[in-house]
Amino acid sequence: MTAAHTSTALRIERVAPAPSRVPFAAVANRLATALQRTIERATVAGAVRALESGDGEQLARYLARGRAMHERFSMPTASQMSAAMEGLSIRPSVRPGASWLSHDDFDDDAILVYVHGGSFIADRSPRLTAMIARVAKAARLKTLMVDYRLAPEHPCPAAVDDVCAALNDVIAKGRPGHRIGIVAESAGAAIALAACARMRDAGVTLGALCLLSPWTDLALTGRSAAARSVTGDSPISMESMAICAHFYLQGMSPLDPVASPVYGDLRALPAMLIHTSRTDALHDDARLLAERVHDAGSDVILRLWSRGSHVFERMFDTQSERAIADAGDFLRRRLNGARGLRAD
């Protein structure tokens, strides 16, 4: 059951836990998290030494290792990927670094644009592709997956530029802004939200924004990130976040709204749904963003799930299925007119 209440500060919808159909999933996830943290700490330590010494070749090696780790620990099984992609096709967009995810029976009146996470430094992993495929099915909408330029080779605002360019391409093909929704998770949320603000300033109003475990405060002021770093319950740590923020910012202030949109003008943004969990390392980021969006007068719902790791929607369990269905329903209703899949 979802219990909703409205306060003077923020509308929050708390979601009670559901029993998992996979009895050992929690144990397996915890073991994977512990292994990822062990490798991550070694990678971060090496990156710090390379930064201190100014050894560019050594830094490049540790960066490659971090990107490979992101890929390896996000790898779905063959059966999971097959189920997620069933009935869907992927084709390249005319814009470099973008691909269309479609289904013959998807509504073509509205479009989703997906901005992946990866701490600003890593490409979209197979597990994230599977996740957005499931969201696209739930929303029943054709989806443009944008693979933006990565830091540190391309620091902020290169990624924001790429997402805005992709949005402008969609609009140039006759798609009105109010029929375009954006889905983003983790670091992708900062990029997507900064792009939304820029489009708004250019006079374009988008239709919906769905953010999963958003990271939009590169000043790292949230206590939940520090707490999860100590407890080891999250695959990400404050140290790795600080290194990735350094790569993305490269001298820009972490309070600059282009990098950390939570500190910017949040008025007149599209209707927004934010997902987080009590055990998410970026739980405080999600709360802070939702509060500031609400205070700015924009329409926002914070959905607080009872458990789950950072971007738990990427998993294949009962709660992730519920969360993806919830996100798809929000996007479909806000973009107004999706017909859905035809019955056989």
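The values are calculated or read from the model by the stated rules, or taken from the named source; none is laboratory data. Keep in mind it's a predicted model, so treat the numbers as computed, not measured. So basically every Cβ, Gly included, is an ideal-geometry build from the backbone, and we count neighbours across all protein chains shown.
Computed quantities for the displayed model
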item	result
Residues of region 187-205 that turn out to be touching a His at 6+ places or on another chain (Cβ under 7 Å) and either closer than 13 Å to Asn168 by Cβ or modelled with pLDDT of 95 or more (or both), as a count	1
Subset of region 303-321 [among the charged types (D, E, K, R), farther than 20 Å from Thr143 by Cβ and surrounded by fewer than 21 Cβ atoms within 10 Å (Cβ to Cβ)]	Arg307, Asp317
Counted residues, region 283-294 - those being out of contact with any strand residue (DSSP E or B) (no Cβ under 7 Å at 6 or more places or on another chain) and either free of Cβ contacts under 8 Å to residues at least 12 places away in the same chain or of a type outside the set (D, E, K, R) (or both)	1
Qualifying residue in region 84-92 (condition: without any contact (Cβ under 8 Å) to a residue 60 or more places away in the chain and either within 21 Å of Thr216 (Cα to Cα) or hydroxyl-bearing (Ser, Thr, Tyr) (or both))	yes
Condition check for Ser213: buried (at least 19 other Cβ atoms within 10 Å of the Cβ), of a type in the set (Gly, Ala, Ser) and modelled with pLDDT under 95	no
Looking only at region 305-344, and only at residues there that are under 21 Å from Arg124 (Cβ atoms), touching a strand residue (DSSP E or B) at 6+ places or on another chain (Cβ under 6 Å) and assigned to a loop (DSSP other than H, G, I, E, B), the one that is modelled with the highest pLDDT	Val311
Single condition Arg72 does not satisfy, out of (1) at pLDDT 80 or above; (2) of a type outside the set (A, V, I, L, M); (3) within 17 Å of Ser119 (Cβ to Cβ)	(1)
So Met241, is it more than 16 Å from Ala187 (Cα to Cα) and either of a type in the set (Asp, Glu) or out of contact with any Asp or Glu (no Cβ under 9 Å at 6 or more places or on another chain) (or both)	no
Pairs with Cβ under 7 Å, 6+ apart, first in region 213-234 and in a loop (DSSP other than H, G, I, E, B), second surrounded by 22 or more Cβ atoms within 10 Å (Cβ to Cβ) and at pLDDT below 80	Ser234/Arg228
Filter result (within 18 Å of Ser240 (Cβ to Cβ) and crowded, with 24+ Cβ neighbours inside 10 Å) within region 119-150	Phe120, Leu128
Which listed residue, of Ile301, Ile243, is among the aliphatic types (A, V, I, L, M) and either farther than 23 Å from Asp326 by Cβ or touching a Ser or Thr at 6+ places or on another chain (Cβ under 9 Å) (or both)	Ile243
Selection from region 248-302 of residues that are surrounded by fewer than 24 Cβ atoms within 10 Å (Cβ to Cβ), among the acidic types (Asp, Glu) and not in a helix (DSSP H, G or I)	Asp256, Asp265, Asp299
Long-range neighbours under 8 Å by Cβ, at least six apart or interchain, first residue without any contact (Cβ under 8 Å) to a residue 12 or more places away in the chain and closer than 16 Å to Trp100 by Cα within region 167-179, second part of a loop (DSSP other than H, G, I, E, B) and β-branched (Val, Ile, Thr)	none
Qualifying residue in region 138-154 (condition: of a type in the set (Val, Ile, Thr), closer than 26 Å to Glu86 by Cα, under 16 Å from the mean Cα position of the chain (by Cα) and modelled with pLDDT of 95 or more)	yes
Single match in Val22, Val94, Val48 (criterion: under 22 Å from Thr318 (Cα atoms) and either in a loop (DSSP other than H, G, I, E, B) or modelled with pLDDT under 80 (or both))	Val22
